[in-house]
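To start, the structure itself, in structure tokens.
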Amino acid sequence: MNTTDVRFEILEQKKIAPDIYQLLVSKGYQNFQPGQFVQVEVSETLEPFLRRPISICDANQNALKLIYKVVGKGTKLLSQNKVGDKLRIFGPLGQGFVYSDIKEATIVGGGIGVPPLLGLAKAMYQQGTKVEILLGFNTESQAILVDEFKKYGRVHIATLDGSLGHRGLVTDLIKDQGKTIFACGPEPLYHTLEKYNLKGYYSLERRMACGVGVCLGCNINVTKDGKTARRRVCHDGPVFPIGSVIWGERLD
Ligand SMILES: Cc1cc2nc3c(=O)[nH]c(=O)nc-3n(C[C@H](O)[C@H](O)[C@H](O)COP(=O)(O)OP(=O)(O)OC[C@H]3O[C@@H](n4cnc5c(N)ncnc54)[C@H](O)[C@@H]3O)c2cc1C
Ligand code: FES
């Protein structure tokens, strides 16, 4: 799939949960890889200068769907854009999930990590993979995309306060430890997957500048064939095999 840097027109900007927005823009990507992301110019001025990385939630040739949470200046500015405004979007970027030969899978999403897993669930469903979908949120009002996920597999929910589904962690819901896991969420979730020695993939987040492997600002260490190697999250990831990342050196 070719990477493009194009001004997309906003078709929809909708609040779907407290501080969480669904952004639909015109023109999309026909063949993106679930787990890939885009770099979004949040305002037409030079402040903030850097674009913000947002995962592709879903896309086809006519539209691109992004779900984002307002956490700081950039995402606040993004939320102030209106239908009809234009946003420059660079993508698709990075390496997504590897799922083509998977017969049975468990998707494990946490909080604002859930959106890229929707495109993955859809793609796996379309290729005939049997998918079990486990989604975790702090509380019911933050439970996003649940009905959309139900189109592609059995969905189980966990909330920390017990307001929806199981009270506790999403990892409590993992029953069949033999299936390949596809995860996106906060890092403690990944530590739990590693503690139980589960196999599959997780998607990492790091502060990013260029988004294309040039500035080295998103470097991490991984274990590869028993040796330590450097990897750029934006270019070599954001998806990595569970257990490969050497934690403890966030650069932000
Ligand atoms: C590959 C990738 C995919 C992402 N996909 C999504 C997505 O689909 N939806 C979504 O809401 N967010 C996503 N993010 C996180 C998003 O990029 C940040 O929340 C955003 O850049 C924050 O910008 P800001 O200017 O609003 O906040 P800032 O003012 O820059 O920061 C505010 C707070 O957010 C934290 N933060 C900023 N950037 C990141 C980051 N990259 N990772 C973790 N914490 C960060 C800061 O440490 C700070 O606490 C993704 C990040 C990456 C790297
Ligand atoms: S953000 Fe520049 S190398 Fe990854």
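Cysteine residues of the chain whose Cβ has no partner cysteine Cβ closer than 4.7 Å: C57, C184, C218, C234. The percentage of C-alpha pairs in region 42-131 whose separation is greater than 22 Å is 38%.
The phi torsions of region 100-117, fed into the Karplus equation with coefficients 6.51, -1.76 and 1.60 and a -60° offset, translate into couplings of 4, 9, 8, 8, 9, 9, 10, 8, 10, x, x, x, 6, x, 5, x, x, 6 Hz, rounded to whole numbers, with Gly and Pro shown as x. Across the chain, the mean sequence separation of Cα contacts (distance under 8 Å, 6 or more residues apart), normalised by length, yields a relative contact order of 17 percent.
With the highest mean first, a sort of the peptides 17-28, 91-102 on other beta-carbon atoms found within 10 angstrom per residue produces 91-102, 17-28. If the cut-off is 17 Å between C-alpha atoms, which aspartates and glutamates fall inside it for K14, apart from same-chain ones fewer than 8 positions away? The qualifying aspartates and glutamates are D58, D85, D147, E148.
Sorting the segments 103-109, 82-88, 53-59, 218-224 by their residues' average number of neighbouring beta-carbon atoms within 10 angstrom, most packed first, yields 53-59, 103-109, 218-224, 82-88.
Between K103 and E194, the FRET efficiency from the beta-carbon distance, with R0 = 25 Å, is close to 0.60. If the reach is capped at under 28 angstrom between alpha carbons, list the lysines near K130, excluding any in the same chain fewer than eight residues apart. Once the sequence-local lysines are set aside, what remains near K130 is K65, K103, K122, K150, K151, K175, K179, K195, K199. Taking N as the residue count of region 99-203, its C-alpha radius of gyration divided by 2.2 N^0.38 Å amounts to 0.96. One chain, two ends: D161 and T3. Fully extended at 0.36 nm per residue, the span grows by 52.7 nm beyond their Cα-Cα distance.
Once you divide the Cα radius of gyration of the chain by 2.2 N^0.38 Å, the number left is 0.97.
Stretched out straight at 0.36 nm per residue, the stretch from K224 to L11 would grow longer than its current Cα-Cα span by 72.4 nm.
Residues whose amide H comes within less than 5 Å of that of F182, counting only those at least five positions distant or on another chain, are T106, I107, V108, Y201 (H built at 1.01 Å from N in the peptide plane).
Spin-label model, Q80/E44: points 7 Å from Cα along the beta carbon direction are separated by 1.4 nm. Derived scalar couplings between HN and Hα for region 188-204 equal x, 4, 5, 5, 5, 4, 6, 4, 8, 6, 7, 9, x, 9, 10, 10, 9 Hz in order, rounded to whole Hz, by the Karplus curve 6.51 cos²θ - 1.76 cosθ + 1.60 (θ = phi - 60°), x for Gly and Pro.
For region 4-93, the dipole from Cβ point charges (+1 on Lys and Arg, -1 on Asp and Glu) about the Cα centre works out to 140 debye, to the nearest 20. Hey, what do the phi angles of region 233-240 turn into as Karplus ³J(HN,Hα) couplings, whole Hz, using 6.51/-1.76/1.60 and θ = phi - 60°, x for Gly and Pro? Residue by residue, region 233-240 yields 4, 6, 9, 8, x, x, 8, 9 Hz.
Each value in this text was obtained by applying a stated rule to the coordinates, not by laboratory testing. A quick note: this is a predicted structure, and the numbers were derived from the prediction, not measured. Glycine also receives a Cβ, built like all others from the backbone with ideal geometry; neighbour counts cover every protein chain displayed.
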